[in-house]
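*Asks:* Please find one structure pasted underneath; my questions will follow.
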Amino acid sequence: MTATTTFALVRHGQTDWNAAGRIQGATDVPLNDVGRGQATEAVEPLSQFEWDFVVASPLSRAAETADIIAVDLGLEVTRHLPGLVERNYGPAEGLSAGAKLDALRIEGSYGTFRGAEPELSVSDRGLGALRLLAEDYPGARIIVVCHGTLIRLSLMAALERDIPPILNAGMSVVQFSPEAGWTASVINNEVLVDDALDAVAAL
């Protein structure tokens, strides 16, 4: 039997662009004070589990969230993986709801805009980064701090289910085994029971 690797996927805390409803994507927007508080609040649900170390996206909002969590849990941030960077939304980044954003929107898809990174590319990057960690640290329990769209698209691809938007500082716990593939036990801080993913996806 090959060891199962467990991941806590945690979205970064709030930024000013989050609060203003502006699309961030790969733009490096820092945490605000609310986001720093959310990072601290994320420690309590994470502390219900045992973790070995923390990994993060290199974007500052995720890196700072990871630093706050790691200090409070007595862990180290060991790596910043480029594969964990948020989806690149191209010319839509920095825009909020309005005519300019609507002009970039691809018909029939609320969250996809002309010039944005394809969803499949995002999920391939996200799952590739997690598989790399599973190969390098088989059986480890790893907190991964990154981004909402990357987490949602990666989970959708891994679990073959719809996943709701990921909350700031929300925690999702998934397990990866080379034999069994991907399973989930927590989505957005909600512990899953039998068929719970169906209920979560319906929200």
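*Asks:* Return the pairs, sorted by first residue and then second, in which the second residue is assigned to a loop (DSSP other than H, G, I, E, B), the first residue lies in segment 88-103 and is farther than 27 Å from Arg125 by Cα, the beta carbons are less than 9 Å apart, and the residues are 6+ apart or on different chains.
*Replies:* From segment 88-103, the pairs are Ala97/Gly21; Ala103/Arg114.
*Asks:* Now, a different point. Step by step: first the residues of segment 151-169, then only those that are assigned to a loop (DSSP other than H, G, I, E, B) and aliphatic (A, V, I, L, M), then the one that is farthest from Val55 (Cα to Cα). Which residue is that?
*Replies:* Result: Ile163.
*Asks:* Please enumerate the residues belonging to segment 129-150 that are touching a residue at least 24 places away in the same chain (Cβ under 8 Å), over 15 Å from Ala39 (Cβ atoms) and part of a helix (DSSP H, G or I).
*Replies:* Within segment 129-150, Ala129, Leu130, Arg131, Leu132, Leu133, Ala134, Thr149, Leu150 qualify.
*Asks:* Can you pull out every residue in segment 16-74 that is aliphatic (A, V, I, L, M) and over 26 Å from Glu117 (Cα atoms)?
*Replies:* Val34, Ala39, Ala42, Val43, Leu46, Val54, Ile68, Ile69, Ala70, Val71, Leu73
*Asks:* Given the criteria among the polar types (S, T, N, Q) and either open to solvent by 40 Å² or more (accessible area, probe 1.4 Å) or at positive phi (or both), does Gln48 qualify?
*Replies:* The answer is yes for Gln48.
*Asks:* Which of (1) in contact with an Asp or Glu (Cβ under 9 Å, 6 or more places away or on another chain); (2) of a type outside the set (Asp, Glu); (3) crowded, with 16+ Cβ neighbours inside 10 Å does Pro30 not meet, given it meets every other one?
*Replies:* The single condition Pro30 does not satisfy is (3).
*Asks:* From the list Val193, Val174, which one is of a type in the set (Val, Ile, Thr) and either part of a helix (DSSP H, G or I) or at pLDDT 95 or above (or both)?
*Replies:* Going through Val193, Val174 in turn, just one is of a type in the set (Val, Ile, Thr) and either part of a helix (DSSP H, G or I) or at pLDDT 95 or above (or both): Val174.
*Asks:* How many of the residues making up segment 151-187 are surrounded by fewer than 20 Cβ atoms within 10 Å (Cβ to Cβ) and closer than 23 Å to Gly35 by Cα?
*Replies:* 4
*Asks:* Any residue at all in segment 91-110 that is surrounded by fewer than 19 Cβ atoms within 10 Å (Cβ to Cβ) and in contact with an Asp or Glu (Cβ under 8 Å, 6 or more places away or on another chain)?
*Replies:* No, segment 91-110 contains no residue that is surrounded by fewer than 19 Cβ atoms within 10 Å (Cβ to Cβ) and in contact with an Asp or Glu (Cβ under 8 Å, 6 or more places away or on another chain).
*Asks:* Just to be sure I understand the filter: pairs with C-beta atoms under 6 Å, separated by 6 or more residues or on different chains, first member in segment 18-33 and in contact (Cβ under 8 Å) with a residue 12 or more places away in the chain, second member surrounded by fewer than 17 Cβ atoms within 10 Å (Cβ to Cβ) and not in a loop (DSSP other than H, G, I, E, B). Which pairs pass?
*Replies:* Asp28/Ser60; Pro30/Ser60; Asn32/Asp16
*Asks:* So, one more: Return the residues of segment 61-90 that are open to solvent by 80 Å² or more (accessible area, probe 1.4 Å) and under 17 Å from Leu9 (Cβ atoms); say none if nothing qualifies.
*Replies:* His80, Pro82
The values are calculated or read from the model by the stated rules, or taken from the named source; none is laboratory data. As the structure is a prediction and not an experimental result, all values here were calculated from the model. Every residue, glycine as well, gets a Cβ built from its backbone with ideal geometry; the counts of neighbours run over all protein chains shown. Accessible surface areas use protein heavy atoms only, side chains included; no ligands, DNA or RNA. Shrake-Rupley method; radii C 1.70, N 1.55, O 1.52, S 1.80 Å.
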